[in-house]
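The values are calculated or read from the model by the stated rules, or taken from the named source; none is laboratory data. Note that the structure is predicted; figures quoted are calculated from it, not measured. Cβ placement follows ideal geometry from the backbone for every residue including glycine, while neighbour counts extend to all protein chains displayed.
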Amino acid sequence: MQGAAKAHLAHRQRRGTRRPLPQHPDAMPEPRLLRTVADLLMPRTCPGCGAVLAYGERDVCCLCLADLPLLTPGLWATDRRWGLFRELPHVRSIGALVRYHPGNVASRLVHSLKYHGRWQVGVVMGCLMSRLLGGKGLLEGADVVLPVPITWRRRWQRGFNQSEFIARGLCQTTGIAMRTDLLLRTRHTESQTHFPYAERAGRVEGSFSLAPGAALQLRGRTVVVLDDVMTSGSTMRAAAMALAAAECAAVRCVAWSWAG
Ligand SMILES: [Zn+2]
């Protein structure tokens, strides 16, 4: 057997015998009874269009699901955001499930999750990602999902990190471990939306770091960094830079949606 083939086989065997990363307690499913009682007391509406959900529709109506503007692997590979990741060899792929335009279904779901606190919508978004991205390479062989952390100030204002709920849905359906304790947001930065794309990468650089012991846990793993919206890509790039020291097998930068 050739040396390269031998090394590949040995790598696969090592991966096969390694224990999977344990789930963080944040990834545990919600009690179903509470949800059922809440449904009886207050009929739910679709966050995409406002219609009352029909029996069997889970959080998002069928029409809105059919209207989702899906992206394709061909678009990921040729996207301008790749330019930001060129000098990060550990980042092997970037991608998103849907295109974000102000007012479209993809953006209304994000809005509902982020600004109206409908966390269950985030879980559904994560389930959709696992169902529709699973076979397209972005999630294939992934060991762990790291939701992009927000600053304590933003968490205090909003009460939660929206990406964690998307990750929760994704991990519940795929069985991939979700960890919120390995990648940390160490510096507060203002919202990037008011700054030109060219300035954004420099503004968020150094905003993330690894928790003590995280590098050891992530070494040799395939890691998915997950965010709700990727616009310029600078926040995702800063998060990926923090993972450079962990010697991951691969890092994939994945978002629910791409804006712009
Ligand atoms: Zn709808």
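A few comments on the model shown:
- Scoring residue 59 on the criteria (1) part of a loop (DSSP other than H, G, I, E, B); (2) free of Cβ contacts under 8 Å to residues at least 60 places away in the same chain; (3) within 16 Å of the ligand (Cβ to nearest atom) leaves a single failure, condition (2).
- Listed by first and then second residue, the pairs with beta-carbon distance under 7 Å, at least 6 apart or on different chains, first residue in the stretch 92-115 and closer than 30 Å to residue 247 by Cα, second in a strand (DSSP E or B) and hydroxyl-bearing (Ser, Thr, Tyr), are 96/257; 97/257; 98/257.
- Test: residue in the stretch 209-226 that is at pLDDT below 90 and either over 30 Å from residue 109 (Cβ atoms) or buried (at least 17 other Cβ atoms within 10 Å of the Cβ) (or both): no
- The residues of the stretch 125-142 that are crowded, with 20+ Cβ neighbours inside 10 Å and touching a Pro at 6+ places or on another chain (Cβ under 9 Å) amount to a single one, 138.
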